Amino acid sequence: MLRRTATEVQVGTDPRWAVRLTDLTPSQADLLPDLSAVDPPLTDLLTQAHLTQDAEVPVPGCPAAVDARIWSLLRPSADGDVVVDARTQRVVAVLGLGPTGLGIAVGLAAAGVGTVLLDDEHPVRPVDVGPTGYRWTDIGSARAAVAARLLRDVAPQVSTDAVRSPDVVVLVETDVADPHRAPVLVSVGTPHLSVVVREADTVVGPLVVPGQGPCLRCLDLHRTAADPGWPTLLDQLRGGATADEPAVTAVVASGLGTAAVLGHLDGAVGWPPGSVLEVAAPDAIPRQRTWAVHPDCGCTALPAAP
Ligand SMILES: [Zn+2]
């Protein structure tokens with residue numbers, strides 16, 4: 001609560017939900033921080049704006065509790081706790097655990113995703129050490145094993161054991177998206193987020209929800225239309241060595257990737273179909289571009305994923 005004048009109080013600062021209470025008497029304005037002492041019309045107004053909380057609700061004790069509070073403010077018809085609690089039943093697989101993949105896995109675990117499956121047996125290298133999690137003492141150990149430990153450090157309840165097929169797969173790849181991987185996910189209807197770490201930038205997206213927008217094959221068909229040499233380059237680039245990622249792009253890309261997956265799991269409007277964000281070193285300012293479905297691909301003829 002912020003006092004604007006003797007008779008005006010502002011509640012909240014985010015323009016999406018903040019309200020100003022005007023024409024108060026000075027004594028009402030004085031009493032407002034203690035809602036139990038204020039007239040019902042005023043407290044009703046704040047309740048309608050979803051700016052009040054039951055006294056017995058504990059102070060947020062984990063990152064997911066902060067998300068729950070924001071969901072309650074953004075979507076008045078939904079209980080933020082219910083939205084965030086549903087994450088505990090979700091399974092997300094992260095394939096490729098360089099700094100960006102690790103950052104996404106840690107972000108999902110910290111946000112309350114119940115099961116995060118990890119896949120990458122490459123050893124942690126000195127260049128992987130940095131802000132998304134790997135430490136000097138991890139060098140030489142298998143990335144997946146180190147990542148599992150780091151996930152439990154931020155989210156002791158997280159499971160990294162396969163219980164069922166994942167709700168979302170995050171494919172973190174080097175230089176290009178392997179054209180043979182994603183079509184399998186499209187055919188079984190599994191939503192997947194593509195993350196490609198390139199020479200000096202990282203491309204986050206698209207989040208492919210089969211049947212609802214362009215798939216990764218659509219992107220390659222567009223690239224081939226623009227450059228007939230693309231398939232030859234793609235062949236040489238795929239399966240490349242483990243990428244060396246600038247720390248700043250890894251931090252930004254992992255935050256964006258985490259948000260894309262959580263938005264999908266939470267049922268948010270989220271990223272538009274075909275939307276990608278390119279994060280280049282050194283400025284790391286995300287640049288958005290949008291890809292369309294390619295008419296020759298046929299992927300949208302598939303039944304839409306739930
Ligand atoms: Zn397609």
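The values are calculated or read from the model by the stated rules, or taken from the named source; none is laboratory data. Predicted model, so just to flag it, every value in this text is computed and none were measured. Reconstructed Cβ throughout: ideal geometry from the backbone, glycine too, with neighbour counts over all protein chains shown. Ligands, DNA and RNA are stripped out before the accessible areas are found, and what is left, the full protein with its side chains, is counted by its heavy atoms. Shrake-Rupley method; radii C 1.70, N 1.55, O 1.52, S 1.80 Å.
Determine whether residue 94 is closer than 18 Å to residue 193 by Cβ and part of a loop (DSSP other than H, G, I, E, B). Reasoning before the result, please.
On the way: closer than 18 Å to residue 193 by Cβ: yes; part of a loop (DSSP other than H, G, I, E, B): no.
Answer is no for this residue.
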Given the criteria within 16 Å of the ligand (Cβ to nearest atom) and of a type in the set (S, T, N, Q), does residue 275 qualify? yes
For region 69-108, how many residues meet the condition of being within 30 Å of residue 47 (Cβ to Cβ), surrounded by 20 or more Cβ atoms within 10 Å (Cβ to Cβ) and either without any contact (Cβ under 8 Å) to a residue 60 or more places away in the chain or among the hydroxyl-bearing types (Ser, Thr, Tyr) (or both)? 2
Flagged in region 196-253 as out of contact with any helix residue (DSSP H, G or I) (no Cβ under 6 Å at 6 or more places or on another chain), closer than 20 Å to residue 97 by Cα and of a type in the set (Asp, Glu), in numbering order, are 199, 201
For region 1-21: of the residues being closer than 15 Å to residue 42 by Cα and of a type in the set (S, T, N, Q), which is least open to solvent (accessible area, probe 1.4 Å)? 10
Check whether at least one residue in region 224-231 is at pLDDT 95 or above, in contact with a Leu (Cβ under 7 Å, 6 or more places away or on another chain) and in the same structural domain as residue 281 (by TED's automatic domain parsing), and report yes or no. no
Please enumerate the residues belonging to region 121-149 that are under 22 Å from the mean Cα position of the chain (by Cα) and either assigned to a helix (DSSP H, G or I) or farther than 19 Å from residue 247 by Cα (or both). 128, 143, 144, 146, 147, 148, 149
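Kindly indicate whether any position in region 15-25 is within 22 Å of the chain's Cα centre (by Cα), in the same structural domain as residue 191 (by TED's automatic domain parsing), at pLDDT 85 or above and assigned to a loop (DSSP other than H, G, I, E, B).
Taking region 15-25 first, the residues within 22 Å of the chain's Cα centre (by Cα) are 16.
From what's left, in the same structural domain as residue 191 (by TED's automatic domain parsing): none.
No - not one qualifying residue is present in region 15-25.
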Condition set in contact with a helix residue (DSSP H, G or I) (Cβ under 7 Å, 6 or more places away or on another chain) and under 17 Å from residue 298 (Cα atoms), scope region 174-190, selection nearest to the ligand (Cβ to nearest atom): answer is 186
Considering only residues of region 220-245 that are loosely packed, with under 15 Cβ neighbours inside 10 Å and among the hydrophobic types (A, V, I, L, M, F, W, C), which is farthest from the ligand (Cβ to nearest atom)? 241
In region 159-196, how many are open to solvent by 60 Å² or more (accessible area, probe 1.4 Å) and aliphatic (A, V, I, L, M)? 4
Of the residues in region 40-68, those that are open to solvent by 90 Å² or more (accessible area, probe 1.4 Å) and either hydrophobic (A, V, I, L, M, F, W, C) or at pLDDT 75 or above (or both) come to 55, 59
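Do we find a residue being more than 16 Å from the ligand (Cβ to nearest atom) and touching a residue at least 12 places away in the same chain (Cβ under 8 Å) anywhere in region 204-218?
So in region 204-218, the residues more than 16 Å from the ligand (Cβ to nearest atom) come out as 204.
Keeping just the survivors that are touching a residue at least 12 places away in the same chain (Cβ under 8 Å) gives 204.
For region 204-218, residues more than 16 Å from the ligand (Cβ to nearest atom) and touching a residue at least 12 places away in the same chain (Cβ under 8 Å): present.
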